[in-house]
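Below: one structure, written as structure tokens.
Every number in this text was worked out from the coordinates using simple rules, so none of it is lab data. Given the structure is predicted, the values throughout are model-derived calculations rather than measurements. A quick note on method: Cβ atoms are made from the backbone with ideal geometry, for glycine too, and the neighbour counts reach across all protein chains shown.
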Amino acid sequence: SLLPDLIFLDIQMPDLTGFEVIERLQHKPNIIFTTAYEQYAIKAFDAFSIDYLLKPIKEERLEQSIAKLKQFGKTSSPIDVPGLQQLIHQLKVPIKTGDRINLLKFENICYLEAQDKYVFIHTTDGQKHLTDQSLSLLEEKLPSQFYRVQKSYIINKEKIKEMHKHFNGRYQFTMDDKDSTRITSGRTYNDAIKAEFGL
């Protein structure tokens with residue numbers, strides 16, 4: 001089996017998360033995180049790895065990372081996976097509306113909704129925040145607990161109260177927010193949802 005000295009590791013991947021990969025490794029290689037998280041997440045990755053690379057990765061930045069590894073050598077302490085998970089969980093996403101920036105904790109976001117040209121972020125306490133960012137852009141930035149179930153909705157999987165089969169193979173999600181909001185999946189998302197939730 002392969003025993004690499006260095007792993008470039010993303011947090012969000014189709015089969016396993018980066019955390020699950022770390023937990024399954026028998027030996028402890030150096031880890032450089034590659035991530036689409038922006039500046040607000042950097043402290044977390046900086047504290048737990050030799051370096052981090054923001055996607056899209058620039059060749060010059062990759063070379064700096066390798067040089068840093070050669071200079072400092074192998075890290076002696078294994079990665080504190082629970083500590084890193086906790087830090088990520090506490091992170092806030094910056095929501096830009098005009099000149100104003102709201103910082104919303106991931107754990108307080110229930111779902112995101114696109115209405116016409118606007119995108120609203122709904123929190124568990126029933127508040128609604130307008131953002132300048134598109135749903136597709138937010139989908140790329142948010143961690144893997146946020147999942148797109150139709151063209152106009154991204155839900156926080158950790159805030160699902162109930163999930164039911166709906167018409168035409170679709171699914172209805174009842175969210176764990178103040179209003180117990182019901183969100184129905186889009187037909188084109190049926191197969192992806194089945195795979196994601198093991199149905």
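Extension gain for the segment ARG61 to SER144, taken as residue separation times 0.36 nm less the Cα-Cα distance, is 27.4 nm to one decimal.
If R₀ is 22 angstrom, what is the calculated FRET efficiency for the pair ASP99 and LEU135, using the beta carbon separation as r and rounding to 0.05? Mind showing how you got there, number by number?
On the way: r = 22 Å, r/R0 = 0.99.
Between ASP99 and LEU135 the formula returns 0.50.
Report the net charge of residues surrounding VAL119, where surrounding means a beta-carbon distance below 9 angstrom and charges are Lys +1, Arg +1, Asp -1, Glu -1.
Values: positive: LYS117; negative: GLU113, ASP132.
That works out to -1.
Site pair GLU20 and GLU158 shows an inter-label distance of 1.7 nm when each label is modelled 7 Å from Cα along Cα→Cβ.
For LYS117 and THR188 in the same chain, what is the full-extension length gain: residue separation times 0.36 nm, less their Cα-Cα distance, in nm?
Answer, rounded to one decimal: 23.4 nm.
For LYS128, what is the net charge nearby, where nearby means another residue's Cβ is under 14 Å from its Cβ and Lys, Arg count +1, Asp, Glu -1?
Numbers: positive: LYS178; negative: GLU113, ASP125, ASP177, ASP179.
With Lys, Arg at +1 and Asp, Glu at -1, the net is -3.
Quick check: net charge around VAL21, other residues with Cβ under 10 Å of its Cβ, Lys/Arg +1 and Asp/Glu -1? Taking every other residue near VAL21 into account, the sum is -3.
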